[in-house]
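Structure first, then comments.
What follows is calculated from the coordinates using simple rules that are stated; it is not laboratory data. Please read these numbers as outputs of a predicted model, since none were measured by experiment. Please note: Cβ atoms are built from the backbone with ideal geometry, for glycine as well, and neighbour counts cover all protein chains shown.
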Amino acid sequence: MRFDTPIYFQHITPGAYNPDTGDYEQDTIKEVKRDASVTDSGDETKMQLYGSIKENSVTIRLQNHYEKPFDRIRVGDTVYHVDKERKLRTKHTFIASEVQQNV
């Protein structure tokens, strides 16, 4: 198993309210890069977790635990929400589904 795919743990800080304009500022996204093994989740895993074959679901494996708080994970240009996470003795596994971006 190769841990050669760069992934980015994203922590989102909501924009503050600006009383002068009456609008909220842009959200701030901080990213932390890690190398991981990213594969498509198997059909059996999808059936157990979601109850159906859900498209665009991936399994992300890290060699070490990731302890910092995060909101979502970005792989390339695709953003994922973590549906399930599992910590083994030294490894950390996430099953994540794709998040639709507002453009």
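Can you give the net charge of the other residues whose Cβ lies under 14 Å from the Cβ of Glu67, counting K and R as +1 and D and E as -1?
+3
Tell me which residues come under 5 Å, amide H to amide H, from Lys84 once H is placed; ignore anything under 5 positions away on its chain.
Distant-sequence amide H within range of Lys84: Ile95.
Want the number for Thr21 to Val99: 0.36 nm per residue separation, take away the alpha-carbon distance, what's left? All intermediate terms of the calculation are to be shown ahead of the outcome.
Details: separation 78, 0.36 × 78 = 28.08 nm, distance 3.02 nm.
25.1 nm is the gain from fully extending Thr21 to Val99.
Once fully extended, how much extra length lies between Asp71 and Met47, figured as 0.36 nm per residue of separation less the alpha-carbon to alpha-carbon distance?
6.2 nm
Per residue, how big is the convex hull around the C-alpha atoms of the range 1-49? Give it to me in cubic angstrom, could you?
Cα-based convex hull of the range 1-49, divided per residue, equals 117 Å³.
Taking the chain as a Gaussian network, Cα atoms linked when under 10 Å apart, which of Asn56, Asn18, Asn64 shows the biggest mean-square fluctuation?
Greatest mean-square fluctuation among the candidates belongs to Asn18.
Using the Cα atoms as the points, what is the convex hull volume per residue of the chain in Å³?
With only Cα atoms used, the chain gives 121 Å³ per residue.
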